[in-house]
Amino acid sequence: MKKQVVANLKMNMTSSEIKNYIISLAPKYKDDKVELTLALPYVSLELGRFMLDGTTFALGAQNLSDEERGAQTGEISGAMLKDIGAQKVIVGHIERRVKFKENGKTINKKIKIALKNRLQVVLCVGESLTDKNSLKTISTIASQVDEALKGLYENELENIIIAYEPVWAIGSGKNATVKEIETGIKAIRKAVENDFSKKAAEEIGVIYGGSVNAKNISQISSCRGLDGVLVGEACLDSGVLMHIMTAFAGGAKK
Ligand code: PGA
């Protein structure tokens, strides 16, 4: 798969700010070795759709409802996201698992709805510090992958990218080491192999997220089997995001 950089803007910019952000980003982006997805807040998706038209950037959402339609005040459906031009959607981010009490079942429902609406899914999995300290990294990843992908057909995996996001590395300034990332990638691929097949495990896109920045991107891009990165805080500066893209395109291994 094409190398991926997913920029998760979270709840950080108004639409006016995003407009300037995209203006400052688009002309700087020259090569197409890496696909950049801008995961915007819902209210900026329409703006994103118009501004990204004619660029190689993809439009992403940060969440979707686990119901298809109906009495779900304040929620946004997969069909609404597709209709407004979103191509990808993040599911299972730790901020949603913890703050919004999303569990494996909810995440599985969201993935099925996203796929039904022809949205690509960026599924986030990763262990907490407690899991890490009690040597449960691999088993935590395996159970999160199992729960999230339950009931899917193998051919649906081509529309899923799995992000290894150790909880302790997100927003902490403490990125995982190359060895830790490679362990996470292997655990994800092993879980996919157990649930589907060796072929599926080899082919599924796996990216890393957690305190990725301009300083550590070269090292992170050297991880074996890594197809991209998910960037939070650092993507808010368009110059830094461009640096991350260029460094990842240059440093990524097969
Ligand atoms: P961070 O966020 O880059 O700020 O650690 C990553 C994420 O939330 O996925």
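The values are calculated or read from the model by the stated rules, or taken from the named source; none is laboratory data. Fair warning: this is a prediction, and the values are worked out from it, not measured in the lab. Because the Cβ atoms are built from the backbone with ideal geometry, glycine has one as well, and the counts that use them run over all protein chains shown.
Looking only at the range 42-60, which residues are in a loop (DSSP other than H, G, I, E, B) and farther than 13 Å from residue 9 by Cβ?
53, 54, 55, 56
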Notebook entry, point to check: Given (1) within 16 Å of the ligand (Cβ to nearest atom); (2) crowded, with 17+ Cβ neighbours inside 10 Å, where does residue 219 come up short, assuming only one miss?
Noted result: (2)
Item checked: Given (1) within 16 Å of the ligand (Cβ to nearest atom); (2) buried (at least 16 other Cβ atoms within 10 Å of the Cβ); (3) in a helix (DSSP H, G or I), index of the condition residue 80 fails -> (1)
Next item on the list: Scan (1) part of a helix (DSSP H, G or I); (2) of a type in the set (D, E, K, R); (3) under 16 Å from residue 244 (Cα atoms) for the single condition residue 19 breaks and write down its number.
Entry: (3)
Next item on the list: State whether one or more residues within the range 149-162 are in contact with a Ser or Thr (Cβ under 8 Å, 6 or more places away or on another chain) and either closer than 19 Å to residue 39 by Cβ or small (Gly, Ala, Ser) (or both).
Entry: no
Note to self: Can you find, within the range 196-211, the residue that is nearest to the chain's Cα centre (by Cα) among those that are within 14 Å of the ligand (Cβ to nearest atom) and not in a strand (DSSP E or B)?
What the structure shows: 210
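Per-residue answers, yes or no, for (1) within 30 Å of residue 23 (Cβ to Cβ); (2) more than 16 Å from the ligand (Cβ to nearest atom); (3) among the hydrophobic types (A, V, I, L, M, F, W, C); (4) assigned to a loop (DSSP other than H, G, I, E, B):
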{"site": "181", "(1), (2), (3), (4)": "no, no, yes, no"}
{"site": "194", "(1), (2), (3), (4)": "no, yes, no, no"}
{"site": "213", "(1), (2), (3), (4)": "yes, no, no, yes"}
{"site": "225", "(1), (2), (3), (4)": "no, yes, no, yes"}
{"site": "243", "(1), (2), (3), (4)": "yes, no, no, no"}
{"site": "248", "(1), (2), (3), (4)": "yes, no, yes, no"}
Notebook entry, point to check: Filter the range 153-175 for residues that are touching a strand residue (DSSP E or B) at 6+ places or on another chain (Cβ under 6 Å) and away from the ligand (no atom under 16 Å from the Cβ); which is farthest from residue 94 (Cα to Cα)?
Noted result: 159
Check: What is the number of the single condition among (1) under 14 Å from the mean Cα position of the chain (by Cα); (2) at positive phi that residue 171 does not meet?
Finding: (1)
Next item on the list: Considering each of 37, 14 in turn, give the residue that is of a type in the set (Ser, Thr, Tyr) and surrounded by fewer than 18 Cβ atoms within 10 Å (Cβ to Cβ).
Entry: 14
Next item on the list: Report, by residue number, each residue of the range 122-149 that is under 14 Å from residue 165 (Cβ atoms) and either in contact with a strand residue (DSSP E or B) (Cβ under 9 Å, 6 or more places away or on another chain) or not in a helix (DSSP H, G or I) (or both).
Entry: 122, 123, 124, 125, 126, 127, 128, 140, 141, 144, 145, 148
Next item on the list: Could you give me the residue pairs with C-beta distances under 7 Å whose first residue belongs to the range 135-163 and is farther than 15 Å from residue 201 by Cα and of a type outside the set (A, V, I, L, M, F, W, C), whose second residue is at pLDDT 95 or above and assigned to a loop (DSSP other than H, G, I, E, B) wherever it lies, and which are 6+ apart or on separate chains?
Entry: 136/127; 137/127; 140/127
Checklist line | Filter result (more than 20 Å from residue 68 (Cβ to Cβ), more than 16 Å from the chain's Cα centre (by Cα) and either within 16 Å of the ligand (Cβ to nearest atom) or in a helix (DSSP H, G or I) (or both)) within the range 83-121 | finding: 98, 99
Next item on the list: Only residues that are surrounded by 14 or more Cβ atoms within 10 Å (Cβ to Cβ) and in a helix (DSSP H, G or I): list them for the range 150-160, please.
Entry: 154, 156, 157, 159
